[in-house]
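*Asks:* Okay, handing you the structure first.
The values are calculated or read from the model by the stated rules, or taken from the named source; none is laboratory data. These numbers come from a predicted model, not from an experiment. Glycine gets a Cβ as well: all are built from the backbone with ideal geometry, and neighbour counts include every protein chain shown. We work out accessible area using only protein heavy atoms, side chains counted, and drop any ligands, DNA or RNA first. Shrake-Rupley method; radii C 1.70, N 1.55, O 1.52, S 1.80 Å.
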Amino acid sequence: MDMDDMVRMMMGGGGMGGMGGMGGMGGGPRRQRKGKDVGIAFPVSLEDLYTGKTANVPRDKVILCPQCKGSGSSKPGQSATCQQCRGQGARIMMRQIGPGMMQQMQVPCEACNGRGSALKDADKCKSCFGSCTKQVEQPLTVRIEPGMEHDDQI
């Protein structure tokens, strides 16, 4: 989560885009969410640093399930409202923090993992088993430029 995401959450989704002075929070263009940056250590010989090289780095990537298109269901429109959170995706939990003092906090629902909908085991996708995502191995092609130094980042 970066600073723009935190401000967007505090201000109700407006973000920093299109903010003229300190006036109103303009909508601005919505930025597409991207995954976190990944660091992969890749051993390179001294010869490769001097001459350059193109290499394939193995990596695992989490993608939406291609079979169910991220719905988690084997049949389209098969999800049902979660019974524990009633479709909200979160539950209110009360916790006593002292004599006569209670703390109320909102926690993600454990039954539906915060999605608000649950699937029967028979209706879950056979490829991702209802998780909506799948981990695939997708190699990354990296170009090592001639003259790069030790610990350079690409």
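*Asks:* Only one of these is of a type in the set (S, T, Y) and within 30 Å of L46 (Cα to Cα): T133, T141. Name it. Don't jump to the end; show me each part of the working.
*Replies:* Working: T133 fails: within 30 Å of L46 (Cα to Cα).
Only one candidate qualifies: T141.
*Asks:* Let me ask something else about it. So, in region 57-89, exactly how many residues are without any contact (Cβ under 8 Å) to a residue 60 or more places away in the chain and farther than 22 Å from K124 by Cβ? Working first, answer last.
*Replies:* Taking region 57-89 as the starting set, the residues that turn out to be without any contact (Cβ under 8 Å) to a residue 60 or more places away in the chain are 69, 73-89.
Those still in the list that are farther than 22 Å from K124 by Cβ too: none.
Matching residues across region 57-89 total 0.
*Asks:* Go through S131, S73, S79 for me and flag whichever is touching a helix residue (DSSP H, G or I) at 6+ places or on another chain (Cβ under 7 Å) and modelled with pLDDT under 85. Explain how you work it out, then say what you get.
*Replies:* Values: S131 fails: touching a helix residue (DSSP H, G or I) at 6+ places or on another chain (Cβ under 7 Å); S79 fails: touching a helix residue (DSSP H, G or I) at 6+ places or on another chain (Cβ under 7 Å).
None of the other options fit; the residue is S73.
*Asks:* Just give me the residues in region 102-145 being open to solvent by 50 Å² or more (accessible area, probe 1.4 Å), of a type outside the set (D, E, K, R) and either in a loop (DSSP other than H, G, I, E, B) or under 30 Å from T51 (Cα atoms) (or both), in sequence order.
*Replies:* Of everything in region 102-145, those that are open to solvent by 50 Å² or more (accessible area, probe 1.4 Å), of a type outside the set (D, E, K, R) and either in a loop (DSSP other than H, G, I, E, B) or under 30 Å from T51 (Cα atoms) (or both) turn out to be A111, N113, F129, S131, Q138, P139, L140, T141.
*Asks:* Take the residues in region 64-101 that are within 26 Å of G35 (Cβ to Cβ) and in a strand (DSSP E or B), then tell me which one is most open to solvent (accessible area, probe 1.4 Å).
*Replies:* L64
*Asks:* Still on this model: Failed condition for Y50, given (1) under 28 Å from G35 (Cα atoms); (2) in contact (Cβ under 8 Å) with a residue 40 or more places away in the chain; (3) open to solvent by 100 Å² or more (accessible area, probe 1.4 Å); (4) not basic (K, R), with all others met?
*Replies:* Condition not satisfied by Y50: (1).
*Asks:* Please tell me if K69 is among the basic types (K, R) and on the phi < 0 side of the Ramachandran plot. First the steps, then the outcome.
*Replies:* On the way: among the basic types (K, R): yes; on the phi < 0 side of the Ramachandran plot: no.
In short, no.
*Asks:* Are any residues in region 104-154 in contact with a Ser or Thr (Cβ under 8 Å, 6 or more places away or on another chain), of a type outside the set (K, R) and more than 22 Å from V62 (Cβ to Cβ), and if so, which ones?
*Replies:* Filtering region 104-154 down to residues in contact with a Ser or Thr (Cβ under 8 Å, 6 or more places away or on another chain) leaves 116-119, 123-126, 130, 132, 134, 141-144, 146.
Within this subset, residues satisfying the condition of being of a type outside the set (K, R) are 116-119, 123, 125, 130, 132, 141-142, 144, 146.
Passing the criteria: D123, I144, P146.
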